[in-house]
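S.K.: Pasting in a structure now, in structure tokens, and then I'll have a few things to ask.
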Amino acid sequence: MAELLHTVLDTTDVRRLAEFYRQLLGLVYRPGDEEPGEDDWLVLTWPDGRRALAFNRVDESETAPSGWPAPGAVKHMHLDTVVSSVEELDAEHSRVLGLGAELRYDRSGDPEEPLRAYADPAGHVFCIFVG
């Protein structure tokens with residue numbers, strides 16, 4: 001049976017998006033990917049070496065930011081991340097905005113499943129929820 005290796009995000013600026021997720025999730029660059037160069041493909045791993053995310057350079061014509069949650073807008077894909085409390089959700093909110101994310105949806109007041117959805121610098125949607 002096939003196993004998931006990593007999730008690949010297409011982007012026009014590979015290093016910028018990889019750096020965003022590196023800081024957001026505490027990931028590290030795969031050995032050899034640390035130094036900026038001709039960044040057409042980068043891989044981020046968990047500190048123990050397991051692959052987490054990869055980033056692939058595409059032309060502007062091959063990608064368009066999601067307009068979600070606007071009615072009829074396509075989401076493409078999204079990542080779910082989790083924190084353990086509303087206080088952590090609020091702390092992450094400030095940190096994520098500082099990294100360059102854009103708030104797209106705020107359900108932080110929901111008593112059953114508080115969450116916020118953001119767009120990363122390339123327009124990919126990701127959620128942080130309390131679990």
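S.K.: If you go through segment 100-107 one residue at a time, do you hit one that is within 13 Å of the chain's Cα centre (by Cα), acidic (Asp, Glu), surrounded by fewer than 17 Cβ atoms within 10 Å (Cβ to Cβ) and farther than 16 Å from Arg22 by Cα?
M.R.: yes
S.K.: Assess whether Glu38 counts as being under 20 Å from Pro121 (Cα atoms) and assigned to a helix (DSSP H, G or I).
M.R.: no
S.K.: Which of the strands (runs of 3 or more DSSP E) contained wholly in segment 48-131 include at least 3 residues that are over 25 Å from Leu27 (Cα atoms), outside the structural domain of Arg16 (by TED's automatic domain parsing) and among the polar types (S, T, N, Q)?
M.R.: In segment 48-131, no matching strands (runs of 3 or more DSSP E) lie anywhere.
S.K.: Right, something else. Output yes when any residue across segment 13-22 is part of a strand (DSSP E or B) and in contact (Cβ under 8 Å) with a residue 40 or more places away in the chain, and no when none is.
M.R.: Within segment 13-22 (the criterion being part of a strand (DSSP E or B) and in contact (Cβ under 8 Å) with a residue 40 or more places away in the chain), the answer is no, since none of the residues qualifies.
S.K.: Against the condition over 14 Å from the mean Cα position of the chain (by Cα) and either surrounded by 10 or more Cβ atoms within 10 Å (Cβ to Cβ) or modelled with pLDDT of 95 or more (or both), how does Arg51 come out, does it pass?
M.R.: Yes: the conditions hold for Arg51.
The values are calculated or read from the model by the stated rules, or taken from the named source; none is laboratory data. All values derive from a computational prediction rather than experimental measurement. Please note: Cβ atoms are built from the backbone with ideal geometry, for glycine as well, and neighbour counts cover all protein chains shown.
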